[in-house]
1. Taking only the alpha-carbon positions of region 129-277 and ignoring solvent, what does the Debye formula give for the base-10 log of I(q)/I(0) at q = 0.18, 0.20, 0.21 Å⁻¹?
2. Viscosity 1.002 mPa s, temperature 20 °C: what is the translational diffusion coefficient of region 100-175 from Stokes-Einstein with a Kirkwood Rh over Cα pairs, rounded to a whole number of µm²/s?
3. Going by C-beta contacts inside 10 Å, put Lys4, Lys120 in order with the fewest on the left.
4. Taking the Cα centre of the chain as the origin, how large is its charge dipole in debye, to the nearest 20, when only Lys and Arg (+1) and Asp and Glu (-1) carry charge on their Cβ atoms?
5. Search the structure for amide H atoms under 5 Å from the amide H of Ala121, placed 1.01 Å from N in the peptide plane, and list their residues when 5 or more places away or on another chain.
6. Computed FRET efficiency, Cβ-Cβ of Asp33 and Glu176, R0 45 Å: what is it to the nearest 0.05?
7. I'd like the FRET efficiency for Asp293 and Arg235, computed as 1/(1 + (r/R0)^6) with the beta carbon distance as r and R0 of 45 Å, rounded to 0.05.
8. So who's got an amide H within less than 5 Å of the one on Met225, skipping anything under 5 residues away but keeping other chains? H placed 1.01 Å off N, in plane.
Amino acid sequence: MTEKFNLSYASHLGYLPPDFRPLFEASVDHSTDPGAHVEFAATQGLAGVFHPWVASHPRDHRERFAQAVADHGMQCGGIVFAPFDVLTTPLWVRDTDEARETVDAHLAHSAHVAATLGSKALVTVLCRDETLDPAVQWRTLVDRLRRAGDQVAARDQMLVVEPMMLLPAMFLDTFEQGVRLLDEVNHPAVRLIFDTGHVDMMSGDIQRTWRESQHRVGVVQLTDMPGRIELGAGRLDMVRFLEQVIRDGHADSLIELECAWADPTLAGEQAGMAALRAIDSQLGPLLQERRSDTSAAN
């Protein structure tokens, strides 16, 4: 087994529709068995895996995935709270019984699935309704997110909102708007996903946006830009960013690798993992310093 990383990284089993291609597709010989992907991630020294759409899969698939996670002692990252066709409708901004009941049903199902996997994060995006006043939608969102926060907190989970521009009709136009929304919601179980690719597209400055928003962040996702590719293959300064993540107390969190490969071949996957290890190795001295300071303080 490969040596563990300094930080706790998680590979994915497919996040982008319609193909939902897993991170290590070539390395597991294009297997569709979730257990094969979990096993391979473990051999690479990764701390976890995330299977965003697992709640939408049949029971036998979920059970195979859960068993593999347990067998290999892996952490499980966030899962999307509803299927894609439901996720991309403006349910959160509609103050109707039907919208509330639909959200509640999917939230209850995904929370149950998450509990069987040990996942603590249920993921959503927020879609706008073009027929409703934005101010009315904002007020509805605040109330609905607080209510959902109470529901997931009862299971020791959190609801994480992902601001992005890639999908149409998103309610949040900027990451800063997401921070303002959650500042008003002010619920400890309702957090943001800080995806370096989405933030780069929205603000152009992942360092500044992190400093201004990290108090509301529940999940960190890494990808390099342009193209949502592996770390080190783009222009983002990942070492600098991760050093700040460590300084701000997020060093022990599971960090999700939500990326594809610039070269989607076996050789490309191997080169990408070598690049990740090279980046991660530069974080060792700072991590050791921070942990020594913590030990001394205790």
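Every number here is computed from the coordinates shown, using simple stated rules; none is lab data. Owing to the predicted nature of the structure, the values given are computational and were not obtained by experimental measurement. Because the Cβ atoms are built from the backbone with ideal geometry, glycine has one as well, and the counts that use them run over all protein chains shown.
1. Normalising to I(0) and taking log10 leaves -1.09, -1.24, -1.32.
2. Reported coefficient: 159 µm²/s.
3. Lys4, Lys120
4. Dipole about the Cα centre, nearest 20: 560 debye.
5. The answer is Ile79, Met158.
6. 0.60
7. Efficiency for this residue pair is about 0.90.
8. Answer set, sorted by chain and number: Gly234, Arg235, Leu236.
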